[in-house]
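Structure, as structure tokens:
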Amino acid sequence: MDKIIELIEKAEKTHDLKRDEIIELLKDEEHMNELFSAADRVRKKYVGDEVELRGLIEFSNICKRNCMYCGLRRDNSKLKRYRLTEEEIIDFARKAKGYGYQTVVLQSGEDDYYTVSRMKHIVSEIKKLDLAITLSIGEKTFEEYKAYREVNSDRYLIRIETTDKKLYEDLDPGMSHENRKRCLADLKKLGYEVGSGCLVGLPNQTIESLADDILFFKEIDADMLGVGPFIPNEDTPLGNEKKGDFYLSVKVMALIRLLMLDINIPATTAMESLVPEGRSIALKAGANVVMPNVTEGEYRKLYALYPGKICVNDTPGHCRQCISLKISKIGRTVSLTKGFRKKTAKL
Ligand code: SAM
Ligand code: SF4
Ligand code: FES
């Protein structure tokens, strides 16, 4: 039998691959469909046909960091900046609840305006609406993470971006890979559901380092993992670089499903920004989560991480309908739960 098919079967049966086997699968372009189908079967077996929806509130595009790939980086003077008030954020969450979401994700640049006491107020008010909350607000101290946990934030999303330390520190000037990993460890210690993930197709990123990313995710036992193709933004220093390969990012995602069975895996916005129906393709290759935008008005456009971002001219109501239709078109249903990790897998 073909070596690649054998590896896919091994992954589906044992959920265990060696680094060189992952590399071989990532390099293969002939048997992608078999890889995606295997990941789809594992998804169905361990997390079922329901798709979890998380309403994404992009509450500030102000950032003190300078990540080379990101349109929100502090040196991007072309971007008109905004920050929502505490009441506006709570109001968007209330509206998200009205659209039937059971979870909201509060995401922003690293904006120190939102002090611990402001964030605690926002989280406490949103929790009164009986919503699960994911925070995605960057690197904080243990004490800060502890404070958000004490007001019952449920999940935290912070991508490692890449496990290649040198690449990370080249692309995220002034940031340390050790601190990024410390954040993930602290969040786990504090009992958050921990979300991480990586970018695919960064300049100088190797296939070998993507295999290391996958093994790293398994090692830290992440509860949710998002994989996004890198999309160059012309208002950043990486504006002239090549964009990430959509199918390579779906392969990374499918391998994550094969090795980590019961975790939550989003079909990412960046995937669909690169390829029409990219999220549907991802949902059929291991993904079980979508994070539709519930931010209102012009803020969507201003949360400009990369060009071609989908949904920037749409409303929360429209996105909710649109995504429900896409989900039913592929024979799946929208979950009505808060979407915590279903820890069913026993290896
Ligand atoms: N500031 C927080 C942080 O960095 O963790 C949360 C917001 S940040 C905008 C969310 C994610 O956007 C990052 O983790 C990164 O992977 C992704 N991102 C930024 N620029 C991107 C680009 N040009 N292409 C694809 N994804 C990008
Ligand atoms: Fe800021 Fe996050 Fe963008 Fe980095 S990726 S510049 S931390 S918003
Ligand atoms: Fe926003 Fe389809 S999800 S338009």
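The values are calculated or read from the model by the stated rules, or taken from the named source; none is laboratory data. From a predicted model like this one, the values you see are computed outputs, not experimental measurements. In this analysis, Cβ positions are derived from the backbone assuming ideal geometry, glycine residues included, and neighbour counts consider all displayed protein chains. These area figures cover heavy atoms from the full protein model, side chains too; ligands, DNA and RNA do not enter into them. Shrake-Rupley method; radii C 1.70, N 1.55, O 1.52, S 1.80 Å.
Which of the residues spanning the range 322-347 are surrounded by 12 or more Cβ atoms within 10 Å (Cβ to Cβ) and within 16 Å of ligand 3 (Cβ to nearest atom)?
Selection gives CYS322, ILE323, SER324, LYS326, ILE327, SER328, ILE330, ARG332, VAL334.
Counting only residues that are surrounded by 13 or more Cβ atoms within 10 Å (Cβ to Cβ) and assigned to a helix (DSSP H, G or I), how many does the range 10-25 have?
8
Kindly indicate the residue of the range 249-291 that is crowded, with 24+ Cβ neighbours inside 10 Å and of a type in the set (Lys, Arg) and also nearest to ligand 1 (Cβ to nearest atom) among those meeting that condition.
Only one residue tops the list, namely ARG279.
Restricting to the range 151-199, give me the number of residues that are within 12 Å of ligand 2 (Cβ to nearest atom), touching a strand residue (DSSP E or B) at 6+ places or on another chain (Cβ under 8 Å), farther than 16 Å from ILE256 by Cβ and not acidic (Asp, Glu).
Summing the residues that are within 12 Å of ligand 2 (Cβ to nearest atom), touching a strand residue (DSSP E or B) at 6+ places or on another chain (Cβ under 8 Å), farther than 16 Å from ILE256 by Cβ and not acidic (Asp, Glu) in the range 151-199 gives 4.
Scan the range 227-251 and report the pairs whose first residue is in contact (Cβ under 8 Å) with a residue 60 or more places away in the chain and whose second residue is small (Gly, Ala, Ser) and surrounded by fewer than 16 Cβ atoms within 10 Å (Cβ to Cβ), with Cβ atoms within less than 9 Å and a gap of 6+ or a chain change.
Sorted first by the residue in the range 227-251, then by its partner, the pairs are ILE231/GLY308; PRO232/GLY239; ASN233/GLY239; ASP235/SER77.
Hey, does the range 26-38 have a residue that's open to solvent by 20 Å² or more (accessible area, probe 1.4 Å), in contact with a Lys or Arg (Cβ under 7 Å, 6 or more places away or on another chain) and either within 12 Å of ligand 1 (Cβ to nearest atom) or not in a helix (DSSP H, G or I) (or both)?
So far as the range 26-38 goes, no, none of its residues is open to solvent by 20 Å² or more (accessible area, probe 1.4 Å), in contact with a Lys or Arg (Cβ under 7 Å, 6 or more places away or on another chain) and either within 12 Å of ligand 1 (Cβ to nearest atom) or not in a helix (DSSP H, G or I) (or both).
Criterion first (closer than 28 Å to THR103 by Cβ and of a type in the set (Ser, Thr, Tyr)) does THR206 satisfy it?
In short, no.
Take the range 63-87 and flag every residue that is over 22 Å from PHE230 (Cβ atoms) and either within 16 Å of ligand 3 (Cβ to nearest atom) or surrounded by 18 or more Cβ atoms within 10 Å (Cβ to Cβ) (or both).
Across the range 63-87, the qualifying residue is only LEU84.
Is there a residue being of a type in the set (D, E, K, R), surrounded by fewer than 24 Cβ atoms within 10 Å (Cβ to Cβ) and under 15 Å from the mean Cα position of the chain (by Cα) anywhere in the range 233-241?
Scanning the range 233-241, I find no residue that is of a type in the set (D, E, K, R), surrounded by fewer than 24 Cβ atoms within 10 Å (Cβ to Cβ) and under 15 Å from the mean Cα position of the chain (by Cα), so the answer is no.
Please specify each residue of the range 203-225 satisfying the condition of being closer than 19 Å to CYS70 by Cβ and either surrounded by fewer than 24 Cβ atoms within 10 Å (Cβ to Cβ) or within 16 Å of ligand 3 (Cβ to nearest atom) (or both).
PRO203, ASN204, GLN205
Of all residues in the range 156-198, which are of a type in the set (Lys, Arg) and more than 13 Å from the chain's Cα centre (by Cα)?
LYS165, LYS166, ARG180, LYS181, ARG182, LYS188, LYS189
Would you point out the residue of the range 316-336, among those that are without any contact (Cβ under 8 Å) to a residue 12 or more places away in the chain and among the polar types (S, T, N, Q), that is farthest from ligand 2 (Cβ to nearest atom)?
SER328
If I filter the range 51-66 for residues that are part of a helix (DSSP H, G or I) and of a type in the set (D, E, K, R), do I get at least one hit?
no
For the range 47-77, enumerate the residues that are within 16 Å of ligand 1 (Cβ to nearest atom) and charged (D, E, K, R).
Correct list: ARG54, GLU58, LYS64, ARG65, ARG73, ARG74, ASP75.
Pairs only if they're at least six apart or on different chains, beta carbon under 6 angstrom, first in the range 136-149 and within 14 Å of ASN179 (Cα to Cα), second within 7 Å of ligand 1 (Cβ to nearest atom) and open to solvent by less than 20 Å² (accessible area, probe 1.4 Å); list them, first residue then second.
GLY138/GLU110
Which of (1) open to solvent by less than 30 Å² (accessible area, probe 1.4 Å); (2) touching a residue at least 40 places away in the same chain (Cβ under 8 Å); (3) in contact with a helix residue (DSSP H, G or I) (Cβ under 8 Å, 6 or more places away or on another chain) does ARG155 not meet, given it meets every other one?
Result: ARG155 fails condition (3) only.
One residue is enough: does the range 95-109 have a residue meeting the conditions out of contact with any Phe, Trp or Tyr (no Cβ under 9 Å at 6 or more places or on another chain), without any contact (Cβ under 8 Å) to a residue 40 or more places away in the chain and on the phi > 0 side of the Ramachandran plot?
no
Go through the residues of the range 106-118 one by one and say whether even a single one is touching a Leu at 6+ places or on another chain (Cβ under 6 Å) and away from ligand 1 (no atom under 16 Å from the Cβ).
no
Can you find even one residue in the range 293-306 that is acidic (Asp, Glu), crowded, with 21+ Cβ neighbours inside 10 Å and either more than 21 Å from LEU53 (Cβ to Cβ) or within 14 Å of the chain's Cα centre (by Cα) (or both)?
Checked against the condition, which is being acidic (Asp, Glu), crowded, with 21+ Cβ neighbours inside 10 Å and either more than 21 Å from LEU53 (Cβ to Cβ) or within 14 Å of the chain's Cα centre (by Cα) (or both), the range 293-306 yields no hits at all.
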